[in-house]
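The structure appears below as structure tokens.
The values are calculated or read from the model by the stated rules, or taken from the named source; none is laboratory data. Given the structure is predicted, the values throughout are model-derived calculations rather than measurements. Backbone-built Cβ (ideal geometry, glycine too); neighbour counts: all protein chains shown.
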Amino acid sequence: MVKKNKAIFFDRDGTLIKTLVSKNNTPIAIKNYKQLRFENNSKLVIERFQKKYLIFIITNQPDVSRGKNLKKNVILINDIIKKKLKIDQVYTCYSDKDKNYMRKPNPGMIYKAQKKYKLNLSQSYVVGDRNKDILAGKKAKCKTVLINKRYNILSEIYPDFKIDNLKELLKIIKV
Ligand SMILES: [Mg+2]
């Protein structure tokens, strides 16, 4: 098999799995595996890219350091997703400190994967539903795709591509 040196980095909540949304229309991470619902077409879309791309999840889970959720709940959710979607590796940042290099919008998790898998980041993509995802991707010089969930979040961020759902990714990344 040809060794893959490019990747698609997916955000988790609101991108591969459904996120909860607060009353004022901002996303909230699920707390346990019983709340886990996959986004439509997540398996189909990832299967399509697996031949040519390594598939990673990069996810901020600050509820753990804020004492609002337990690490073991996050790990269990991640394990289920990893198995079901055949993700190569899940990178999780539990910190809620914005200066933490691993926490998106910082690019630490992307560089960690690059180092391990010798990735060509300019041929890699970051896909997410929030500004933090897009910014992390831009800092690491990846191509960026925003899934526009129309949250109540102002944005001055310009992704390379904007789509309305995961399936539209098939039109952007050709395999
Ligand atoms: Mg998200």
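Remarks
- With respect to the conditions (1) within 16 Å of the ligand (Cβ to nearest atom); (2) among the aromatic types (Phe, Trp, Tyr); (3) touching a helix residue (DSSP H, G or I) at 6+ places or on another chain (Cβ under 6 Å), residue 10 lacks only one, and its number is (3).
- For residue 153, the test of being touching a residue at least 60 places away in the same chain (Cβ under 8 Å), within 14 Å of the ligand (Cβ to nearest atom), surrounded by fewer than 23 Cβ atoms within 10 Å (Cβ to Cβ) and over 18 Å from residue 16 (Cα atoms) is passed.
- Tally, over the range 15-52, of residues that are modelled with pLDDT under 95 and either crowded, with 21+ Cβ neighbours inside 10 Å or in a helix (DSSP H, G or I) (or both): 2
- Scanning the range 15-25 for residues that are out of contact with any helix residue (DSSP H, G or I) (no Cβ under 6 Å at 6 or more places or on another chain), farther than 18 Å from residue 69 by Cα and within 11 Å of the ligand (Cβ to nearest atom) gives a single hit, 15.
- Positions within the range 111-134 being in a helix (DSSP H, G or I), within 15 Å of the ligand (Cβ to nearest atom) and either β-branched (Val, Ile, Thr) or free of Cβ contacts under 8 Å to residues at least 12 places away in the same chain (or both), in sequence order: 134
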